[in-house]
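Asks: The structure follows.
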Amino acid sequence: MRVADLLVFALRALLRQRFRSAMILLAMAMGVASVLVLTGLGEGARLYVAGEFAGMGTDTLGILPGRYDTTGGMPPVMGTAPRDLTLEDAEALRRIPAVQNVAPLLLGTSTLSSGARERDGIVVGTTRDYFFVRAMTLQRGSIFPDLPPEAQPPVAVIGPTVSAELFRGDNPLGQWLRIGDRRFRVIGVLGEQNKFGMNLGDAVFIPVNHAQALYDTQAMFRVLAQVRPGASKARAADDIRALLTARHEGEEDITVISPDAMLKSLDAILGTMTLAVAGIGGISLLVAGILIMNVTLISVTQRTEEIGLLKALGAGGRTVRLLFLVEAGLMSLAGALAGSAVGLALLALGRMAWPSIPFTAPLGTIVAALLVAIAGGVVFALVPAGRAANLDPVVALTRRR
Amino acid sequence: MIEVRDLAKTFHVGDEDVHALVDVNLDIAPGEYMSVMGPSGSGKSTLLNMLGLLDRPDRGTYRIDGIDTVPLGEEARADIRRRRIGFVFQAYHLVPRLTARENVELPLTLGGVAPAQRRQAVDDIMRRLDILERADHVPAQLSGGQRQRVAIARAIVMRPEILLADEPTGNLDSKSGEEVVRVLEQLNGEGITLLVVTHDASLGARARRRIRMLDGRVAVDERG
Ligand SMILES: Nc1ncnc2c1ncn2[C@@H]1O[C@H](COP(=O)(O)OP(=O)(O)OP(=O)(O)O)[C@@H](O)[C@H]1O
Ligand SMILES: [Mg+2]
């Protein structure tokens, strides 16, 4: 039998059993759609996290006071720091050839005020380098002047929320901002798009020398070191560790963490999750397959006479089997295509509702879901189609009805 | 052409054995016109199904042009059915979702004949059987006589050598039945070997050779 004839014959048989075909199509479509949507969700979460880390800069190493075991991958939360990590430590890192930029961070919260208006905000004491390390963009003004860290004037770069709340419609540039009992001149306003897992709208950036005075401490919260493009991060980390150990009288009391390592383990966790979730979708594909098997069995039973006739007209068992397999395959194909359309549409809706999370089903997943659906449909139809192929023509034709 | 030797078939119904065919011997020459009569349950249909390779005997040989068909595999038997044997059933057995044309076309389609050739062959035969103007109707829209003529057209579209008809007029009124028989006889006149199972004595009498079945045996075999 010619392929075109086979398809037409199967298609007409399907159209003849509209309700039944529609049910199979629906089941298959739901299976494929759920696989796509669930993988899309998982993949979206993974890409979202990856994107957040990319914003943090995967070429940046974080240096924390104290020693932690970082093999677990998650950022350390506890530990004791016997020796402070100082601004001098940070500046010393500049001598390492592989290190391009160094930004110490000293964090605190203070009351910010301008005139009669005030609010609480996060104060970040850092250096000029910070803006390069984090690839920060300003909506207006400029970053700290090109002076050594200890010679910085009292200036501030403020987050957009701070700017809007304290200065309302006024141009904040050049105005005084009071942080605690000190005054800073506003020289820049951050763009809205800067965020690295935390909202920087509420933050105020001041030179680290003033933060040290404000909070009366020499201890840095952490130091960021950006590795020169092309240089080995592992080598840079080793150099940093060696240098700081030497500066701390031979005791290695700091931890160097690489966002890469964290990203990798997070990625692995999320990848596993996606797989698990896709597996749940796969179960609905299995259900669809079993439905196909049952429906094809019913179809074979109801069309016994037709099968007998086809055999009497000279169709071999092979042709009869093929006819039923093509029917099942066509139904699965239609269902799978409909399911992909629905799944992709749902993911697109998801992207519209949550623009920050890139819900996408990778092309490979779509292709795999389609292939699994069609192959599954055909495999599940093998048993009933085989039964049809082995029907005795005389029994099929003379069956008492 | 057809050579049947000691053909036997027993059905087991419950713990009872029904001897549908008992050592049947039969030679049929090409172009013969033979009627098969006999009481109900005497094995007429069983014999026809054997000759049409729809059923397998328990014992005996059945040769077509010297080839024993009994030991052949299912695909080979299907092949012979398609190329050499045409069937006409009492119940027509048309595929209800297909038009008359598509029903007639079915053996060609199953045989992988190209659409252009199919159309030519189908048109010719449907015109001959006077059903061409009904080509695009589905069976439900056709009369019994028309349905049986569609079935005959389908049976002969592959130009088989043997045409087997099991009570082809059984469901028809006498006028439609007469038309159908005339078509069959015309085909026989052109050389096809025709076997007709019938309960209608006058119809059976029209055949040049007439056999009578009784309890699974050929009881009478007369010519002329
Ligand atoms: N599939 C079957 N299973 C069991 N018994 C069967 C089967 N087919 C036929 N028989 C029996 O074999 C015997 C011969 O049947 P067959 O159909 O050949 O008779 P027939 O001469 O065609 O009768 P009728 O004139 O009623 O059509 C009958 O007793 C019938 O009941
Ligand atoms: Mg009968």
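The values are calculated or read from the model by the stated rules, or taken from the named source; none is laboratory data. Just so you know, these numbers come straight off a predicted model, no measurement behind them. Reconstructed Cβ throughout: ideal geometry from the backbone, glycine too, with neighbour counts over all protein chains shown. Only protein heavy atoms, including side chains, enter the accessible area calculation; ligands, DNA and RNA are left aside. Shrake-Rupley method; radii C 1.70, N 1.55, O 1.52, S 1.80 Å.
Asks: Just checking, does segment B:175-183 include any residue being more than 20 Å from the chain's Cα centre (by Cα) and either surrounded by fewer than 16 Cβ atoms within 10 Å (Cβ to Cβ) or more than 16 Å from ligand 1 (Cβ to nearest atom) (or both)?
Replies: Our first condition is that a residue be more than 20 Å from the chain's Cα centre (by Cα); within segment B:175-183, this holds for B:175.
If we keep only those that are either surrounded by fewer than 16 Cβ atoms within 10 Å (Cβ to Cβ) or more than 16 Å from ligand 1 (Cβ to nearest atom) (or both) as well, we get B:175.
Yes, the conditions are met somewhere in segment B:175-183.
Rundown of residues vs (1) touching a strand residue (DSSP E or B) at 6+ places or on another chain (Cβ under 8 Å); (2) among the aromatic types (Phe, Trp, Tyr); (3) under 16 Å from A:LEU14 (Cβ atoms), yes/no style:
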{"site": "A:GLY308", "(1), (2), (3)": "no, no, no"}
{"site": "A:LEU330", "(1), (2), (3)": "no, no, yes"}
{"site": "A:LEU333", "(1), (2), (3)": "no, no, yes"}
{"site": "A:ALA345", "(1), (2), (3)": "no, no, no"}
{"site": "A:PHE359", "(1), (2), (3)": "no, yes, no"}
{"site": "A:VAL372", "(1), (2), (3)": "no, no, no"}
{"site": "A:VAL383", "(1), (2), (3)": "no, no, no"}
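Asks: For segment B:80-103, which positions are closer than 12 Å to A:LEU310 by Cα, more than 7 Å from chain A (Cβ to nearest Cβ) and either among the β-branched types (Val, Ile, Thr) or in a helix (DSSP H, G or I) (or both)?
Replies: Within segment B:80-103, B:ASN103 is the sole residue that qualifies.
Asks: Based on this model, can you work out whether A:ARG321 counts as open to solvent by 10 Å² or more (accessible area, probe 1.4 Å), touching a Leu at 6+ places or on another chain (Cβ under 9 Å) and within 14 Å of another protein chain (Cβ to nearest Cβ)?
Replies: Yes; evaluated as a whole, the condition is true for this residue.
Asks: Inside segment B:69-78, can you point out the residues that are within 14 Å of chain A (Cβ to nearest Cβ) and open to solvent by 50 Å² or more (accessible area, probe 1.4 Å)?
Replies: Residues satisfying the conditions are B:GLU74, B:GLU75.
Asks: When only residues in segment B:13-41 that are more than 13 Å from ligand 2 (Cβ to nearest atom), in a strand (DSSP E or B) and within 14 Å of the chain's Cα centre (by Cα) count, which is farthest from B:VAL218 (Cα to Cα)?
Replies: Per the criteria, the residue is B:TYR33.
Asks: Pull out all pairs, ordered by first then second residue, where Cβ-Cβ is under 7 Å, the residues are six or more apart or on different chains, the first lies in segment B:38-49 and is small (Gly, Ala, Ser), and the second is open to solvent by 20 Å² or more (accessible area, probe 1.4 Å) and not in a helix (DSSP H, G or I).
Replies: B:GLY38/B:ARG212; B:GLY38/B:LEU214; B:SER42/B:LEU214; B:SER42/B:ASP215; B:SER45/B:ASP166
Asks: Quick one: which residue in B:GLU105, B:GLU75 is within 24 Å of A:LEU11 (Cα to Cα) and away from ligand 2 (no atom under 13 Å from the Cβ)?
Replies: B:GLU105
Asks: What pairs come up if the first residue lies in segment A:39-67 and is modelled with pLDDT under 70, the second is of a type in the set (S, T, N, Q), and their beta carbons are under 7 Å apart, counting only those six or more places apart or on different chains?
Replies: Once the first residue is modelled with pLDDT under 70 and sits in segment A:39-67, its partners that are of a type in the set (S, T, N, Q) give A:GLY57/A:GLN226.
Asks: While we're looking at this one, here's another question. Could you go through segment B:6-17 and let me know if any residue there is buried (at least 22 other Cβ atoms within 10 Å of the Cβ), more than 14 Å from chain A (Cβ to nearest Cβ) and touching a Phe, Trp or Tyr at 6+ places or on another chain (Cβ under 8 Å). Steps first, answer last, please.
Replies: Taking segment B:6-17 first, the residues buried (at least 22 other Cβ atoms within 10 Å of the Cβ) are B:7, B:9.
Next cut, more than 14 Å from chain A (Cβ to nearest Cβ) only: B:7.
Next, from what is left, pick out any that are touching a Phe, Trp or Tyr at 6+ places or on another chain (Cβ under 8 Å): B:7.
Yes: one or more hits.
Asks: Out of the residues in segment B:42-68 meeting the condition of being assigned to a loop (DSSP other than H, G, I, E, B) and within 14 Å of another protein chain (Cβ to nearest Cβ), tell me which one is surrounded by the most Cβ atoms within 10 Å (Cβ to Cβ). I'd like the intermediate steps shown before the answer.
Replies: The first filter runs over segment B:42-68 and keeps only residues assigned to a loop (DSSP other than H, G, I, E, B), leaving B:42-43, B:52-58, B:65-66.
Going one step further and asking which of them are within 14 Å of another protein chain (Cβ to nearest Cβ), we end up with B:43, B:52-58.
Numbers: B:GLY43: 25, B:GLY52: 23, B:LEU53: 27, B:LEU54: 25, B:ASP55: 21, B:ARG56: 17, B:PRO57: 22, B:ASP58: 13.
Of everything passing the filter in segment B:42-68, B:LEU53 is surrounded by the most Cβ atoms within 10 Å (Cβ to Cβ).
So that you can scan it fast, the table gives a plain yes or no per residue for (1) within 16 Å of ligand 2 (Cβ to nearest atom); (2) within 14 Å of chain A (Cβ to nearest Cβ); (3) among the small types (Gly, Ala, Ser); (4) touching a helix residue (DSSP H, G or I) at 6+ places or on another chain (Cβ under 6 Å):
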residue	(1), (2), (3), (4)
B:LEU184	no, no, no, no
B:GLY189	no, no, yes, no
B:LEU194	no, no, no, yes
B:VAL197	yes, yes, no, yes
B:ARG208	no, no, no, no
B:ILE211	yes, no, no, no
B:LEU214	yes, no, no, no
B:GLY224	no, no, yes, no
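Asks: Let me ask another. What residue, among those in segment B:184-202 that are within 16 Å of ligand 1 (Cβ to nearest atom) and under 25 Å from B:ARG84 (Cα atoms), is surrounded by the most Cβ atoms within 10 Å (Cβ to Cβ)? Reasoning before the result, please.
Replies: Step one: list which residues in segment B:184-202 are within 16 Å of ligand 1 (Cβ to nearest atom), which gives B:195-201.
From the residues that got through so far, the ones that are under 25 Å from B:ARG84 (Cα atoms) too are B:195-198.
On the way: B:LEU195: 25, B:VAL196: 28, B:VAL197: 23, B:THR198: 25.
For segment B:184-202, the residue satisfying everything is B:VAL196.
Asks: Name the residue, out of A:VAL395, A:VAL383, that is open to solvent by 70 Å² or more (accessible area, probe 1.4 Å) and within 16 Å of ligand 1 (Cβ to nearest atom).
Replies: On inspection, the qualifying residue turns out to be A:VAL395.
Asks: So which residues in segment B:129-166 are of a type outside the set (A, V, I, L, M), within 14 Å of chain A (Cβ to nearest Cβ) and open to solvent by less than 60 Å² (accessible area, probe 1.4 Å)?
Replies: Hits for segment B:129-166 are B:PRO139, B:ARG154, B:PRO160, B:ASP166.
Asks: Among (1) open to solvent by 70 Å² or more (accessible area, probe 1.4 Å); (2) over 22 Å from the mean Cα position of the chain (by Cα); (3) away from every other protein chain (no Cβ under 14 Å), there is one condition A:GLY329 misses while meeting the rest; what is its number?
Replies: (1)
Asks: What are the residues in segment B:106-117 that are closer than 17 Å to B:ALA155 by Cβ and within 9 Å of another protein chain (Cβ to nearest Cβ), if any?
Replies: Result: B:LEU106, B:PRO107, B:THR109, B:LEU110, B:GLY111, B:VAL113.
Asks: For A:ALA369, only one of the following conditions fails: (1) surrounded by 23 or more Cβ atoms within 10 Å (Cβ to Cβ); (2) within 16 Å of ligand 1 (Cβ to nearest atom); (3) among the aliphatic types (A, V, I, L, M). What is its number?
Replies: (2)
Asks: If B:ILE152 satisfies every condition in (1) among the β-branched types (Val, Ile, Thr); (2) closer than 15 Å to B:HIS93 by Cα; (3) more than 16 Å from the chain's Cα centre (by Cα) but one, which is the exception?
Replies: (3)
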